[in-house]
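The values are calculated or read from the model by the stated rules, or taken from the named source; none is laboratory data. Everything numeric in this text was worked out from a predicted model, so none of it was measured. Cβ sites come from the backbone with ideal geometry, for glycine too, and all protein chains shown count toward neighbours. Accessible surface is based on the protein model in full, side chains and every heavy atom, while ligands, DNA and RNA are left aside. Shrake-Rupley method; radii C 1.70, N 1.55, O 1.52, S 1.80 Å.
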Amino acid sequence: DQAHMPTHTHTPLHEAIGRRGSLVLDSHIDATNWDDALARIIDWGRQHQSRYVTLCNVHSVVTASQDPVFKQVVAQADLALPDGAPVAWVMRHSGHPHQQRINGPDLTWRYLAAAEKLGQSVFFFGSSDDTLAKLRTRIHQSFPRLCVVGMVSPPFRELTPDEDQAYIDQINQSGAHVVFVGL
């Protein structure tokens, strides 16, 4: 849908704020490490800032190179992490020799451990009811004091505007410090 595409050219966000990284195909991927990525998420959550992090594997960067809307999603992320060994490899060979793969599941688990210690609450949006139930069990076993303020499996179809707003309101009213979205 071209209506959502900007009609003017501007400096990409990652250039405007001086983020270190490299282009992988057409997507800027941030050069960072586990500690820095985790610290940023913790800090943004502490401040209840509206930010988003993308975890970019090969499929993500290929899709971004072919789909202008998805390219914008990755380009406008506050942090685009190399969540694929080939993406991290390209980063290492593009001037960031120590770049590690920062994968979503491990980053999530590391954040949940920190959130439990810091008293940050979390919300999970996406996936199936069955998967969320299994996740809730694993989280409770691993992080018994973590405050999970919501887990929602939306229907597997495009949401109506009213449904979309109801989910937004539910998430906002939950007080979550960090929201995990898996669609």
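See the values below:
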item	result
In segment 15-72, the residues that are within 25 Å of Val149 (Cβ to Cβ), among the hydroxyl-bearing types (Ser, Thr, Tyr) and open to solvent by less than 70 Å² (accessible area, probe 1.4 Å)	Thr54
Residue check, Ser121 within 17 Å of the chain's Cα centre (by Cα) and within 30 Å of Ser27 (Cβ to Cβ)	no
Number of the exception - Pro86 against (1) touching a residue at least 60 places away in the same chain (Cβ under 8 Å); (2) within 24 Å of Asp35 (Cβ to Cβ); (3) surrounded by fewer than 16 Cβ atoms within 10 Å (Cβ to Cβ); (4) in contact with a helix residue (DSSP H, G or I) (Cβ under 8 Å, 6 or more places away or on another chain)	(1)
